[in-house]
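**Q** Pasting a structure here, questions to come.
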């Protein structure tokens, strides 16, 4: 009986989605996972997977983010450089420097590598204001991307828009598109009268508008506070803001200054609470900043669909998000400056509960197209590409 082929996965922040991917390979491959942290939901990493821990990602301030990116990349490079057994690499663009570990090991040791692009760099860093468009770092990175993608055995990404961005660096490569997903058996609709989270935060009988996730500088999370201010005298609406990030203090100040008793601000919820917190929402806000339309697809989108939540997308009409809500008729999309139109939509939902329920039902139906079965698609593609030299 031949030994299993070894596959080493690299992802500094390994959440439930990538755990699903690694688990999909665990029975057929000798798997190792190099990560800074594990953030599972309801499915743990399989015990057969060897886990090696490296420096955690520090998201608090920009210089700490970059420092932990660089240190993690150096740690895994030197760990792999002197590794004597045969293996291939499955590298996520997290941190953004990690894919180049695969490229240099390919040149130094003829190791094959496969890439999963969650965020397209340097484009994402330009959009976040970390580096400037046309600057020397941006131009050097873009030039190296041509060789990075050309030498990869496989390139995966999450959407057609992201695939197009990747091909901008190397038009001749093939990019495999596999969307993210949610566990529809773990996250699902739940009547508020049976939802302890809804009871705890007094959302029964209300139309609950929720933002759950990163409150970073590139996310228009202040819109939920502005809408809460407009609905200050309306008892039918409840507003929940869950998460953390640089804009959290701004929202807290707005809440205090305008006495927004209808706005509840909470920290990130544990995986045990997540099914209840998401199912508490009737309308979920998902945002993409201007210029980021094709740079990423927020994974929270699929969790909201699974919970049967209508989507209010704040992004360009050309974004993947806007196309998704149009395709499945599961929500609406607005530009950042269309606050009055957002308010009009909320009032329409107040007067037309049948339409709101239709959007929510369509969201749940759409979620069945984005399930953990997608994780097996990665293995199917690699089975045709993987050859340990």
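**Q** Round to the nearest 0.05 the FRET efficiency obtained for residue 110 and residue 174 when R0 = 22 Å and r is the Cβ-Cβ distance.
**A** After rounding to 0.05, the efficiency reads 0.55.
**Q** Treat the count of other C-beta atoms within 10 Å as a stand-in for reagent exposure and order 239, 77, 87 from fewest to most.
**A** Numbers: 239 25, 77 17, 87 20.
Ranked by crowding around the Cβ, least crowded first: 77, 87, 239.
**Q** Sticking with this structure for a sec: Rounded to the nearest 0.05, what FRET efficiency is calculated for residue 341 and residue 140 with R0 set to 56 Å and r the Cβ-Cβ distance?
**A** For residue 341 and residue 140, the calculated efficiency is 0.85.
**Q** Exposure proxy check: 43, 235 ranked by fewest other beta carbons within 10 Å?
**A** Numbers: 43 14, 235 9.
Fewest-to-most Cβ neighbours within 10 Å comes out as 235, 43.
**Q** Any idea what angle helix 160-169 forms with the longest principal axis of the chain, computed on alpha-carbon atoms, 0 to 90 degrees, nearest 10?
**A** So the inclination is approximately 40 degrees.
**Q** Something else now. Can you tell me which of 24, 366, 317 moves the most in a GNM of the chain? Springs connect C-alpha atoms under 10 Å apart.
**A** 317
**Q** Tell me, what is the FRET efficiency for residue 357 and residue 83 to the nearest 0.05, using R0 = 56 angstrom and their Cβ-Cβ distance as r?
**A** Working from the Cβ atoms, E equals 0.50.
**Q** Could you list 10, 283 so that the one with the fewest beta carbons within 10 Å of its beta carbon is first and the one with the most is last? If you can, show how the numbers build up before the last one.
**A** Values: 10 27, 283 24.
If I rank by nearby Cβ atoms, fewest first, I get 283, 10.
**Q** Further question: Quick check: from the Cα gyration tensor, does region 16-59 come out rounded (a/c under 1.5), prolate or oblate?
**A** In terms of gyration-tensor shape, oblate.
**Q** Also: Using 0.36 nm per residue of separation minus the Cα-Cα distance, give me the extension gain between residue 167 and residue 147 in nm, one decimal.
**A** Extending this stretch completely gives an extra 6.0 nm.
**Q** List the extent of the Cα atoms of region 11-146 along each of their three principal axes, largest first, rounded to whole Å.
**A** Computed over region 11-146, the largest-to-smallest principal extents equal 46, 36, 21 Å.
**Q** Given a cut-off of under 8 Å on Cα pairs at least six residues apart, what relative contact order in percent is computed for region 141-185? Mind showing how you got there, number by number?
**A** Numbers: 42 pairs, mean separation 18.9, N = 45.
It rounds to 42 percent for region 141-185.
**Q** If you line up the long axis of helix 99-109 against the longest principal axis of the chain, both from Cα atoms, how many degrees apart are they, to the nearest 10?
**A** That helix lies at roughly 10 degrees to the long axis.
**Q** Between residue 371 and residue 273, what length in nm is gained on full extension when 0.36 nm per residue of separation is reduced by their alpha carbon distance?
**A** 33.3 nm
**Q** Sticking with this structure for a sec: With a 10 Å cut-off between alpha carbons and a GNM built on the chain, which of 18, 78, 156 moves the most?
**A** 78
**Q** Can you classify region 192-367 as rounded, prolate or oblate using the Cα gyration tensor, where a ≥ b ≥ c are the square roots of its eigenvalues, rounded means a/c under 1.5, and otherwise it's prolate if a/b beats b/c and oblate if not?
**A** The shape class here is rounded.
**Q** Just to be sure I understand: with springs between alpha-carbon atoms less than 10 Å apart, which residue in 136, 304, 241 has the highest mean-square fluctuation in the Gaussian network model of the chain?
**A** For the chain, modelled as a Gaussian network with Cα springs under 10 Å, the answer is 136.
**Q** A follow-up question, please. Please give the contour-minus-distance gain from residue 186 to residue 317: 0.36 nm per residue of separation, less the Cα-Cα distance, rounded to one decimal in nm. Could you put the intermediate results ahead of the total?
**A** Values: separation 131, 0.36 × 131 = 47.16 nm, distance 3.08 nm.
Between residue 186 and residue 317, full extension yields 44.1 nm more.
**Q** Let me ask another. In nm, give the distance between the simple-model label positions of residue 42 and residue 61, each being 7 Å from the Cα along the Cα-to-Cβ direction.
**A** According to this spin-label approximation, the distance is 4.1 nm.
**Q** Debye sum, Cα scatterers, the chain, no solvent: what log₁₀ I/I(0) at q = 0.13, 0.14 1/Å?
**A** Log-scaled intensity ratios, in q order: -1.10, -1.25.
Only the coordinates and a few stated rules stand behind these numbers; no lab work does. As the structure is a prediction and not an experimental result, all values here were calculated from the model. Note that we place each Cβ from the backbone using ideal geometry, even for glycine, and neighbour counts take in every protein chain shown.
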